[in-house]
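Here is the structure we will look at, set down as structure tokens.
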């Protein structure tokens, strides 16, 4: 199934988004290396019950700065404000958010900044502050190399040198982080097409440049103490995730007070893409009772 792309302007961005269905608004936020159509197997099932809205984050997909400049040093706070302005532009007041990877940071920040606008949260895996120093543990550095490689301008030049270099780079992550190394084979060229668009390789890397200070603070100082997010929260974590390990879920209860957690069997980092039928069922089972109980209002 293909989807129609929509555009809407905020103060800085022309945001590209997909939208299908009717009902309570449900936002899907992608991660890296992803873009809006990573949710293509989830949108049809969810749109039977919800107004599914899939924005592409700053520097990703077809979202662009209105002034024509490329993005620089994208922080969590910038992405939170982007989401707030996007919802304002659409006239959407209160939402639930499904998120993954980079999107998970945005969803958490939005829920903390705008609790009255957040009905519920659903995370596929969940990078969060409670991982703390473990982001930098010696045995994990090999897996994390890309986050430090992305700090250098040469990174975008090397990866984007041509389609072959782009394919080699992104295939590494898509195949290594998925439980089935062939999971993305059918869509690999779609990923190459996306990241070969002007600014998209750099746009994704700017997230890692902007987020570096936050991550280093956690690595050097440990998990910060913050008030837990109180809205209903579901975490469905791939049991075979290599980059965000499921054992790191141990502190989730300190950061979410109304939490349901379970492992996603036989899934890696991209649970929503790798196991769409299972993921869609989990999302419906979580969100539909909230709608029936008027939790969205």
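By DSSP, what percent of the beta bridges with both residues in region 5-292 are antiparallel, rounded to the nearest 5? Given both bridge residues lie in region 5-292, the antiparallel proportion sits at roughly 30 percent.
By the count of neighbouring beta-carbon atoms within 10 Å, fewest first, 182, 166, 126 end up ordered 182, 166, 126. For the chain, what class follows from the C-alpha gyration tensor (a ≥ b ≥ c being the square roots of its eigenvalues): rounded when a/c is under 1.5, otherwise prolate if a/b is larger than b/c, else oblate? In terms of gyration-tensor shape, rounded. Legend: calculated FRET efficiency, residue 246 to residue 151, from the Cβ-Cβ distance at R0 = 30 Å, rounded to 0.05, equals 0.65.
Here the extension length gained between residue 254 and residue 186 equals 20.6 nm, from 0.36 nm per residue of separation less the Cα-Cα distance.
Each Cα pair under 8 Å and six or more residues apart adds its separation to the average, and for the chain the resulting relative contact order is 21 percent. Ranked for footprinting exposure by Cβ neighbours inside 10 Å, fewest first, 283, 133 give 133, 283.
In which sequence would 83, 141 go, from the one with the fewest C-beta neighbours within 10 Å to the one with the most?
141, 83
Full extension of the segment from residue 62 to residue 163, taken as 0.36 nm per residue of separation minus the current Cα-Cα distance, would add 34.5 nm.
At 0.36 nm per residue, and after removing the present C-alpha to C-alpha distance, how many nm does the segment from residue 288 to residue 116 gain when stretched out fully?
60.0 nm
Per DSSP helix of 4 or more residues, -39500 (n - 2.57); summed, then divided by the residues of the chain. What does that give at 222 nm, rounded to the nearest 500?
Details: 11 runs with 113 residues, N = 297.
Result for the chain: -11500 deg cm²/dmol, rounded to the nearest 500.
Let a ≥ b ≥ c be the square roots of the eigenvalues of the Cα gyration tensor of region 130-248; is it rounded (a/c under 1.5), or, if not, prolate (a/b larger than b/c) or oblate? The shape class here is prolate.
Values quoted throughout were computed directly from the atomic coordinates according to the rules given, and no laboratory measurement underlies them. The structure presented is a predicted model; accordingly, all values stated were derived computationally and were not measured. Backbone-built Cβ (ideal geometry, glycine too); neighbour counts: all protein chains shown.
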